[in-house]
Structures are given as C-alpha cells and as structure tokens.
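*Asks:* The structure under discussion is supplied below as structure tokens; questions concerning it will follow.
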Amino acid sequence: MMLKVALAHRFGDFALDVAFDAPPGITVLFGRSGSGKSTIVNAIAGLLAPQRGRITLGERVLLDTETRRVVPPHRRKLGVVFQEGRLFPHLTVRQNLSYARWFSRDPAETTEGARIVEMLGIGHLLDRRPAGLSGGEKQRVAIGRSLLARPELILADEPLSSLDDARKAEILPYFERLRDEIQVPILYVSHSAVEVARLATTVIALQDGRIARQGRALEVLGDPMVTPAGVRAAGAVLEAVIVAQHGDGLTELDAGGARLFLPRVPGGTGNRLRVRIPAQDVLLSRAAPEGLSALNILPGTVDQLRQGTGPGVMVSLRTRAGPLLARITRRSAERLELAPGVDVHAVVKTIAIAREDVSAGAPAG
Amino acid sequence: MDWLSPAEWSAVTLSLRVAVWATVVSLPLGIFVAYALARWRFPGRQLLNGMVHLPLILPPVVTGYLLLVTLSPTAPLGALLGKFGIVFAFHWTGAALAAGIMAFPLMVRAIRLSMEAVDPRLEQAGATLGAAPIWVFLTVTLPLSLPGILTGAILAFAKAMGEFGATITFVSNIPGQTRTLPSAIYAFLQVPGGESSALRLVAISIVLAMGALVISELLARRLQARMSGT
C-alpha cells in the first residue's frame, strides 16, 4: 500500500504546493508550525478541500480535483491520531475504542481488538471515561481507536506535542511497534527532530509550504541546507552497532568503522542503534586534538557550509561514521579557513540514543 | 380531588396536556433548526434566525391574531387543513400550537448554544472513524448537547404552561377546551368570589414551574457528572 499525494492550496499569503509518496513504514512530515503540515493532513483526511490535488491510497483515488472526485472522510478508511486525542467525552474508553466498529462493514475481529488493547497497555482503562485519563493514556486510547477502524493509512498529526517529555517517552515505543507490526503506511507529522530521528523511515522536510528535501532520514537530517525545525534543533543521525560494554560504565559503539563511547546503553553486543548528534554540540578542530576530555573525536572532511542570516554557520562533514552536522560561529569558520574539502576533526560533546535496535525497524536501504 | 373544583382541575390537566404536546411536537423541529443555525452556512440563515425569534419580540396578541387570520376555518390554509381533519381554531390543539410557537425561540436558543459549544473537531474525529454525517450527529453532536436540549425542553414546557396572550387571542377562553391555567386564573379574577380559586391555581403554577426547574437542574447535573467523571 502506497500513499501518493499532490496538493496545491492557497489561502491568504500562504501557498502550499507539494507532491510526495509515503511507502509502508513511517514517513515523517517534518517542519515548523506554519509550514503546511496540518493542511496536508487535513486534505488527506478529507477535512479540508484543497484547490487542486490528487491523493491516491493503493488503487483507491481519495481525491482528484481534475475529475472532481472527492471521497468523504468517513469512506476514506484512515486512522487519524489527532494532536489533542479528540476522544469522545461522553463515551467510555471501551466505547471510544469500538466506535469505528459501529460503522464498519468489516470490523476488526475481537481477537485483533484484544491484541491492540494489549499492545497499547490500556486494558485497565476500558471502563473509564476520557476525562479521568492522563495525557499519555488518552493518546494511547486515541491510537487504539484509530487502529480498530482497520485503517489503510495512519495519519498522526503531532500526536506527542501536547505531552511532556516523560509521556512522550511513554508513547514513542508504541509508534515503533506500530511501524514494525502493521503493514500500513504511517504519515507522522512532527516538528521535533528527536521524534524524526527516532521514528522516521522517510523524511519529508517542509518549508513554507514546499518540500525542501525528501529522502531517507539519515540523509535529510545530515543535510545542512535543510533545517526545518530551525538551526538550534538541527542534528545528524548515525547508525551504530554495540561492540562492547565496558566495566567503567561506558558502551562502545561502532559507526561505520569509527568508535563512539556513550554512557551505558542497555543492549548486547551486535545490537544496532540510531544515535543523534545535535549540531550545537559538535566542535571542530583543524589539528588532531590532544589533551581533551571529550572521548568522541571523529576525523572527517568538510562537505558544505551554509551561511545563515545570523552569526552562525552550519557545516556538514563526511566522516567514516556518516554525515555529521556542526554549528559554529562565522568567525570560527573564517579563522579555521573552512571550505569544502578541508580535513577537520569533529569533537562530539553529547550523543543521544535516538532509537534502539534499528535492525528490526526501518529498512537500512 | 376535592381540594380543586372540577373547573380548576380541568384547567390544570388541560394546561399539562397543551404544554406536553407543544414541547414534544416542537422538540425535533427545534433540534433541527438549532443544528442548522449552529452548523450550517446557507443563504437565508439570518432570515430563519429572525423568524424563529419573532414570537419573542412581537406582542403575543399579534402572534395570536396572525395565527387566527391564517388558521381560522374561513382562511385558505385553515380550510385546507380542515379537509384533512386538522382543526386549530378554538380547539385545544390550537392552544398547543400557540404555546409551541411562543416557546420555540427559547427552546432553539438553549439547544443552539449547547450545540455551538460542541467541539467540531470531535465531529471530524467521528467522520474519520467511518461515521456518515447523520451518525456523527446522532452519536456525537446530539449526546454532547443533551444538557442544552434538556434545558430547552424544560424552558419551552414552562413557557407553554404560562402562555396567555397568543392563546387567548387565537383560541379564546373556552372552559374544558382552551381554558388553560393562565386563562383560568384570569377568568376567575373577573368574577366576584373567584379569588380563592385563582389563588389555588397560582400556587399550582408556581409548584409546577419550580418543579420543572429542579428536575432540569438535577438531570443536567447527572449528565455533567457522567462526562467529567471517571
């Protein structure tokens, strides 16, 4: 099942013009607020009529303004997980979950329902009403409700943005399980680089109503020309394998032949990880640094420099571990005489685990 | 019932019958009009809104007179309805019609307010889950605006119980047929020695009105508790 989208819509000063495909797996629509993400989601869900466009899901045409074909939202067979959950306050959790079954000709079987309830860990909430649930519980019920509609596409519109970090950490694994366990495409809208790094198979970076870049998550996130969430949130993502757990509390990783050390990461030797390296936390040095406390120093070559309007410069590097981003000041860039092709050493101050066990997740290709 | 004379008793039961019919028959239409005003944008929406509110602003006598002019057996519309056996003029059904019309703006207003308070995003969520528009209305909009529907119905009932001007103009003051509580109170006050009867009916009016208010308050609270509780 593949989702194909082409849309053009204009209101006021804002013009949206995008075309993209979403294959099975998680496709993240990534961009700041106002970049057009919600307009795209609403158009796909059928809640907004775009001026021009064509949307197909597998063989089904959901919208074609040329032939004036518009499938109403209730016949699109989508599962939408909204930012605010949108649970029905007058129904119990159980009734919310079974809502879609009342209208479906081909409802999910009870065993499948039970499996979804178990996967989301909401079995103990079934007889309660939404008003009595925490934010994280509400979102899990909302995910379950959309799954029980047996959707052919899942649309998740910033499903975590109304939650605090702890609740986010609680929900993210469920999306990973969805990605791995169900065979429908998931279009996931986010402005969080962390969520993108952790979930995305494919990334579509939106800027001002246009697609700035689309492709594999690692490539898009390592591109200095694309900082859809702003330069402060930019950061490259590397894939690595655990090679050893050391006695002093460090875990040694191998990323394309380069060695990285992290505070203890649970997992056995051979486990694959995605790590995220914020561009702000990378220092550059022309000479091989000595006498530094930082453990992670990656030699590489400058690939591109991107000069913004501010005092900062975004530098992309090619290292053995993969593409890396560093954000330094313009003054430093001039003093180091940085230019494409120059050899440098990247000193990495922090590394965050973006996703564990990628081998079971997104296809690496 | 020996504490009420047959004439007084007949006024009470007639009033209850008139008010129940006026409320029950106008409620579906009131819900529909309230929904149309709350959710749809169509040409003539302001006109419809104005028409609904007209009985609230017009002198009741004018409303009653207009009903009399259009629905009396000699008027074209009244004659046409008469052929189908539907009679309003000088009949208790006419009293119910007049009461229903006078109460309609209050009913629509209460229901419309609560429907406008229903989050349209919940209705969208219902649609994405496969519910056709009519089912979204029945499973989301209607239950969520139930407190307002209840308030609207109780208000309309109370207003129908007390309607006087339009009723007496349209269907007169015929004992046992169109002499509702207010008409009866008025009639008793016109005859010497009728004050005690009038007073008893006044007391009954107050009890019925207060009772309706208390019941609606209790029901609304229960509905609220259901939605905000666990």
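The values are calculated or read from the model by the stated rules, or taken from the named source; none is laboratory data. Everything quoted here is computed from the prediction, not taken from an experiment. In this analysis, Cβ positions are derived from the backbone assuming ideal geometry, glycine residues included, and neighbour counts consider all displayed protein chains.
*Asks:* Which residue, of A:Arg210, A:Arg177, is surrounded by fewer than 19 Cβ atoms within 10 Å (Cβ to Cβ) and touching a helix residue (DSSP H, G or I) at 6+ places or on another chain (Cβ under 8 Å)?
*Replies:* A:Arg177
*Asks:* Now for a different question. Collect the residues in region B:137-162 that are without any contact (Cβ under 8 Å) to a residue 40 or more places away in the chain, within 10 Å of chain A (Cβ to nearest Cβ) and surrounded by fewer than 21 Cβ atoms within 10 Å (Cβ to Cβ), keeping them in residue-number order.
*Replies:* Listed by number, the list holds a single entry, B:Pro143.
*Asks:* Here is a follow-up. Quick test of your reading of the structure: B:Thr167 fulfils all but one of (1) surrounded by fewer than 19 Cβ atoms within 10 Å (Cβ to Cβ); (2) away from chain A (no Cβ under 14 Å); (3) not aliphatic (A, V, I, L, M). Name the failing condition by number.
*Replies:* Just one mismatch for B:Thr167, condition (1).
*Asks:* Inside region B:190-230, can you point out the residues that are within 14 Å of chain A (Cβ to nearest Cβ) and of a type in the set (S, T, N, Q)?
*Replies:* If the condition is that a residue be within 14 Å of chain A (Cβ to nearest Cβ) and of a type in the set (S, T, N, Q), then B:Gln224, B:Ser228, B:Thr230 are the ones that fit.
*Asks:* If I filter region A:20-41 for residues that are in contact with a strand residue (DSSP E or B) (Cβ under 9 Å, 6 or more places away or on another chain), among the small types (Gly, Ala, Ser), closer than 24 Å to A:Arg179 by Cβ and assigned to a helix (DSSP H, G or I), do I get at least one hit?
*Replies:* There is at least one residue in region A:20-41 that is in contact with a strand residue (DSSP E or B) (Cβ under 9 Å, 6 or more places away or on another chain), among the small types (Gly, Ala, Ser), closer than 24 Å to A:Arg179 by Cβ and assigned to a helix (DSSP H, G or I).
*Asks:* Could I ask something else about it? Could you tell me which of the residues B:Ser15, B:Ser26, B:Ser10 is among the hydroxyl-bearing types (Ser, Thr, Tyr), in a helix (DSSP H, G or I) and farther than 19 Å from B:Ala209 by Cα? Can you show your working first?
*Replies:* Details: B:Ser15 fails: farther than 19 Å from B:Ala209 by Cα; B:Ser10 fails: farther than 19 Å from B:Ala209 by Cα.
Answer to the check: B:Ser26.
Quick grid of which residues meet (1) part of a helix (DSSP H, G or I); (2) touching a residue at least 60 places away in the same chain (Cβ under 8 Å):
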site: B:Trp3; (1), (2): no, yes
site: B:Ala34; (1), (2): yes, yes
site: B:Arg41; (1), (2): no, no
site: B:Gly50; (1), (2): yes, no
site: B:His53; (1), (2): yes, no
site: B:Val62; (1), (2): yes, no
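*Asks:* Name the pairs: first residue in region A:74-96 and within 7 Å of chain B (Cβ to nearest Cβ), second residue surrounded by fewer than 20 Cβ atoms within 10 Å (Cβ to Cβ) and hydroxyl-bearing (Ser, Thr, Tyr), Cβ to Cβ under 8 Å, at least 6 apart or on different chains?
*Replies:* Note: pairs meeting the criteria are A:Pro89/B:Ser228.
*Asks:* Tally time: how many residues in region A:275-311 are part of a strand (DSSP E or B), of a type outside the set (D, E, K, R) and in contact (Cβ under 8 Å) with a residue 60 or more places away in the chain?
*Replies:* Count: 9.
*Asks:* Specify the residue that is farthest from A:Ala100 (Cα to Cα); the eligible residues are those in region B:109-136 that are more than 11 Å from every other protein chain (Cβ to nearest Cβ) and surrounded by fewer than 18 Cβ atoms within 10 Å (Cβ to Cβ).
*Replies:* B:Leu113
*Asks:* Further, regarding this structure: Looking at region A:38-50 only, could you name the residues that are within 18 Å of the chain's Cα centre (by Cα) and crowded, with 24+ Cβ neighbours inside 10 Å?
*Replies:* A:Ile40
*Asks:* One residue is enough: does region A:116-125 have a residue meeting the conditions touching a His at 6+ places or on another chain (Cβ under 8 Å) and either assigned to a helix (DSSP H, G or I) or within 12 Å of chain B (Cβ to nearest Cβ) (or both)?
*Replies:* No, the conditions are met nowhere in region A:116-125.
*Asks:* Across region A:51-84, what is the total count of residues that are buried (at least 23 other Cβ atoms within 10 Å of the Cβ) and within 14 Å of A:Ala142 (Cβ to Cβ)?
*Replies:* Going through region A:51-84 one residue at a time, the tally reaches 5.
*Asks:* Say whether the condition of being basic (Lys, Arg) and assigned to a helix (DSSP H, G or I) is met by at least one residue in region B:154-165.
*Replies:* Within region B:154-165, one or more residues are basic (Lys, Arg) and assigned to a helix (DSSP H, G or I).
*Asks:* Where residues in region B:180-212 are surrounded by 12 or more Cβ atoms within 10 Å (Cβ to Cβ), out of contact with any helix residue (DSSP H, G or I) (no Cβ under 7 Å at 6 or more places or on another chain) and aliphatic (A, V, I, L, M), which of them is nearest to B:Leu14 (Cα to Cα)?
*Replies:* B:Ala187
*Asks:* For region A:282-341, give me each residue that is of a type in the set (D, E, K, R), under 25 Å from A:Pro263 (Cα atoms) and more than 25 Å from the chain's Cα centre (by Cα). Talk me through it step by step, then tell me what you get.
*Replies:* Step one: of region A:282-341, the residues of a type in the set (D, E, K, R) are A:286, A:290, A:303, A:306, A:318, A:320, A:327, A:330-331, A:334-335, A:337.
Subset that is under 25 Å from A:Pro263 (Cα atoms): A:290, A:318, A:320, A:327.
Answer for region A:282-341, where residues must be of a type in the set (D, E, K, R), under 25 Å from A:Pro263 (Cα atoms) and more than 25 Å from the chain's Cα centre (by Cα): just A:Glu290.
*Asks:* Looking only at region A:109-139, how many residues end up being at pLDDT 90 or above and within 22 Å of the chain's Cα centre (by Cα)?
*Replies:* 3
*Asks:* Being small (Gly, Ala, Ser) and facing another protein chain (nearest Cβ under 7 Å) is the filter; apply it to region A:97-115 and report the residue that is surrounded by the fewest Cβ atoms within 10 Å (Cβ to Cβ).
*Replies:* This residue is A:Ser104.
*Asks:* From A:Ala166, A:Ala205, A:Ala149, which residue is over 16 Å from the mean Cα position of the chain (by Cα) and either closer than 24 Å to A:Ala236 by Cα or acidic (Asp, Glu) (or both)?
*Replies:* Details: A:Ala205 fails: over 16 Å from the mean Cα position of the chain (by Cα); A:Ala149 fails: either closer than 24 Å to A:Ala236 by Cα or acidic (Asp, Glu) (or both).
Of A:Ala166, A:Ala205, A:Ala149, the one residue that is over 16 Å from the mean Cα position of the chain (by Cα) and either closer than 24 Å to A:Ala236 by Cα or acidic (Asp, Glu) (or both) is A:Ala166.
*Asks:* Among (1) surrounded by fewer than 20 Cβ atoms within 10 Å (Cβ to Cβ); (2) in a helix (DSSP H, G or I), where does B:Ile86 come up short?
*Replies:* Of everything listed in (1) surrounded by fewer than 20 Cβ atoms within 10 Å (Cβ to Cβ); (2) in a helix (DSSP H, G or I), B:Ile86 misses just condition (2).
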